[in-house]
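Visitor: Take this structure, written in structure tokens, and hold onto it; I'll ask about it next.
Only the coordinates and a few stated rules stand behind these numbers; no lab work does. Since the model is a prediction, treat every value here as computed from it, not as a measurement. Using ideal geometry, Cβ is built from the backbone for each residue, glycine included, and neighbour counts are taken over all protein chains shown.
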Amino acid sequence: MDSEVLGVKAPATTVTGDHDWWRTAVIYQVYVRSFADASGDGTGDLAGVRDRLPYLASLGVDALWFNPWYPSPLADGGYDVADYRDIHPMFGQLADAEALITEAAALGIRTIIDIVPNHISSAHPWFQEALAAGPGSPERERFWFRPGGGVDGEQMPTDWVSSFQGTTWTRTTNPDGTPGEWYLHLFTPEQPDLNWNHPDVRREHEEVLRFWFDRGVAGVRIDSAALPVKDETFPQLPAEPGPGEHPHVDRDEIHDIYRAWRAIADSYTEPRVLVGEVWLEDAARFARYLRPDEMHTAFNFDFMTQPWDAAAMRTSIERTLAEHAPVGAPATWVLSNHDITRPVTRYGREDSGFAFDRKRFGTPTDLGLGTRRARAAALLTAALPGCLYIYQGDELGLPEADIPRELIEDPMHFRSGGVDPGRDGCRVPLPWTSAGPSLGFGPDGAAAPWLPQPTSWGSLSVAAQEGDPASMLSLYRAALAHRRSDADLRGEALEWIDAGADVIAFRRGARLISITNLGTAPVALPPHSGVHLASAPLAGGLLPPDSTAWLAVEPPSGESA
Ligand code: NOJ
């Protein structure tokens, strides 16, 4: 199915030389494996993305962020990179990526790719060479090989805990078959950590950045960006590490890496952009990554993890804006991504916040409630100052899917001993049409999608939502179109309005108020001259529970219209 069938018309725009585009951009995250399958093998591919660029243009996004698209054994969904200078054969070839970057730019859409500095695939030639070369070899210096403790080296070198649960060290076998050294992997054993004190590691990543920047990539999303530098003395984990004292999180030396990357990014005529995946609770430490000579922006996970609660969300918004202000960086607003339970599901649960260790099979969920709240959250976040991220499928209001246990691929599931459902439930192939064996994900006669789509998703498909003004897709389109046309929404000014304990309300510039009702009773709308958009029908001057409205207001007296 091509975009014509969906009635989508692409605007004739091109990427312009606005060097500050990233300050207010709407960035759509493409999980290629699950976006659209042009080849019919059951897996999404770059040709599928190219076919649907008009859809993305009509949605109104400024840039696409692609999860890793490189050759990889997929031990962790591609975050185990075997070759940074090529494309995974199941997604296409390098020429497809080049064509995609060019075609997207012709529609006014920039491309951001994923760089994974903390680790590479155990299938990468560097690691294979290190295993073959044996203890004490220069090849092993690019990684963290260490002898074990105990009489026979049978104990792991440290007690560090993996982000994926389980151990962080795997013991090797020497070339002569005897038990050998251990190597560090903060994630799976298939993702050995790199030694960032080694010049090869630094040089290689800088060359990889140039390789993709030279191909027109507008920026990089930096995976696990607070982790690459380690304390080389390999101490045990301190009970309560102070700032900069953790042996493998947020080490002070890490900033040199990103300063070097920023210099490379700035050397291009249109400077390239660095976006960090920085999971840190300490707001001041987080902001250090956003100093003017480091990253441009970083994902704001604080807001995403809040429960559906006005005080918690408002406090998070205030904290976020306050922490960004001193470094002059824009905030980012993120409702989900390929690691996080979908908003429609999350907000439909009693425990509506997000934490990896609280994910469980069979959690009761009210999808109707979750959908109303996800609609409200979409408008709320789109009204906040800064940059907005949309994970593919959230614009369709897809819920988290239940994946049969025997089909789960995510290592988080296995490393939790089968307790954690893992992240595959938010990575299910998109529904494009209301009917058909893969709901338009693949062409007629294609292989089944790599993860099964719930049959009920036909009614959530792009085709089903296209012509429905009340659909989630229509809401997203209208919100992004309004955001694009309203300079106040792209400005930085935000003035809080006190509208009650269960309400988040603020004025953006002179003429727009965004108001969200997180309580259980309708609330009165403040005086307004019109309604730009609402996530639910408004009646009698009231805002229903779990909804957001964007109101047109007259400028305060003294300000010109
Ligand atoms: C963060 C990525 O978003 C996640 O998907 C991945 O598993 C880890 N980093 C390790 O690369």
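Visitor: Between Ala501 and Ser267, with labels modelled 7 Å along Cα→Cβ, what's the label distance in nm to one decimal, could you check?
Guide: Computed distance between label sites Ala501 and Ser267 equals 5.8 nm.
Visitor: Given R₀ = 35 Å, what would the calculated FRET efficiency be for Ala552 paired with Arg259, taking r from the Cβ atoms and rounding to 0.05? Show your work: numbers first, answer last.
Guide: Values: r = 44 Å, r/R0 = 1.27.
According to the calculation, E is roughly 0.20.
Visitor: Pairs of alpha-carbon atoms within less than 8 angstrom and 6+ residues apart define the contacts here; what relative contact order does region 125-184 have, in percent?
Guide: Relative contact order comes out at 32 percent.
Visitor: For region 214-324, what class follows from the C-alpha gyration tensor (a ≥ b ≥ c being the square roots of its eigenvalues): rounded when a/c is under 1.5, otherwise prolate if a/b is larger than b/c, else oblate?
Guide: oblate
Visitor: For Val327 and Thr170 in the same chain, what is the full-extension length gain: residue separation times 0.36 nm, less their Cα-Cα distance, in nm? Don't skip to the answer; put the middle values down first.
Guide: Values: separation 157, 0.36 × 157 = 56.52 nm, distance 4.00 nm.
Fully extending the segment from Val327 to Thr170 adds 52.5 nm.
Visitor: Also: What is the distance in Å between the Cα centres of region 331-389 and region 62-79?
Guide: 23
Visitor: A follow-up question, please. What is region 474-561 by shape, rounded, prolate or oblate, if you read a ≥ b ≥ c off the alpha carbon gyration tensor as root eigenvalues and call it rounded for a/c under 1.5, prolate for a/b larger than b/c, and oblate otherwise? Each step should come with its number before you reach the end.
Guide: Working: a/c = 1.75, a/b = 1.28, b/c = 1.37.
Taking the square roots of the gyration eigenvalues as a ≥ b ≥ c, region 474-561 is oblate.
Visitor: Then there's this: Suppose every K and R has +1 on its Cβ and every D and E has -1 on its Cβ; what is the size of the dipole of the chain about the Cα centre, in Debye to the nearest 20? Walk me through the numbers on the way to the answer.
Guide: On the way: 46 positive and 78 negative charges, 277 e Å.
Roughly 1340 debye for the chain.
Visitor: Next up: Explain nothing, just compute: Karplus ³J(HN,Hα) = 6.51 cos²θ - 1.76 cosθ + 1.60, θ = phi - 60°, for every residue of region 458-468 in order, whole Hz, x for Gly and Pro.
Guide: x, 6, 9, 5, 4, 4, 5, 8, 3, x, 9
Visitor: Where does the charge balance sit around Thr158 when Lys and Arg score +1, Asp and Glu -1, over other residues with C-beta under 13 Å from its C-beta? Numbers along the way, then the final one.
Guide: Values: positive: Arg146, Lys230; negative: Asp159, Asp193, Asp231, Glu232.
That sum, taken over residues with Cβ under 13 Å, equals -2.
Visitor: Normalised by the residues of the chain, what does the relative contact order come to in percent, with Cα pairs under 8 Å and at least six apart?
Guide: 13
Visitor: At 7 Å along the Cα-to-beta-carbon direction for both Phe234 and Ser529, put a label point, then send me their distance in nm to one decimal.
Guide: 6.9
Visitor: Here's something else I'd like to know. Assuming R0 = 45 Å, what is the FRET efficiency of Glu318 and Val419, from their Cβ-Cβ distance, to the nearest 0.05? Mind showing how you got there, number by number?
Guide: Working: r = 35 Å, r/R0 = 0.78.
E between Glu318 and Val419, to the nearest 0.05, is 0.80.
Visitor: Which of Leu512, Ala312, Ala283 sits farthest toward the positive end of the charge dipole of the chain, with +1 on the Cβ of Lys and Arg and -1 on the Cβ of Asp and Glu?
Guide: Value computed over the given set: Leu512.
Visitor: Would you work out if the chain is rounded, prolate or oblate? Take a ≥ b ≥ c from the square roots of the eigenvalues of the alpha-carbon gyration tensor; rounded if a/c is under 1.5, else prolate when a/b is larger than b/c, oblate otherwise. Don't skip to the answer; put the middle values down first.
Guide: Numbers: a/c = 1.65, a/b = 1.48, b/c = 1.12.
Prolate shape, in that a/c is at least 1.5 and a/b is the bigger ratio.
Visitor: Per the Kirkwood formula on distinct C-alpha pairs, the Rh of region 125-184 is how many angstrom?
Guide: Details: mean 1/r = 0.0837 Å⁻¹.
Value: 11.9 Å, from the Cα pair sum.
Visitor: For the pair Ala447/Glu245, report the inter-label distance in nm, with labels modelled 7 Å from Cα in the Cβ direction.
Guide: 5.2
Visitor: Here's another thing I want to ask about it. Counting helices only, and only those DSSP H runs with n ≥ 4, report the 222 nm mean residue ellipticity of the chain as the sum of -39,500 (n - 2.57) divided by its residues, in deg cm²/dmol to the nearest 500. Numbers along the way, then the final one.
Guide: Values: 15 runs with 136 residues, N = 561.
The per-residue figure over the chain is -7000 deg cm²/dmol.
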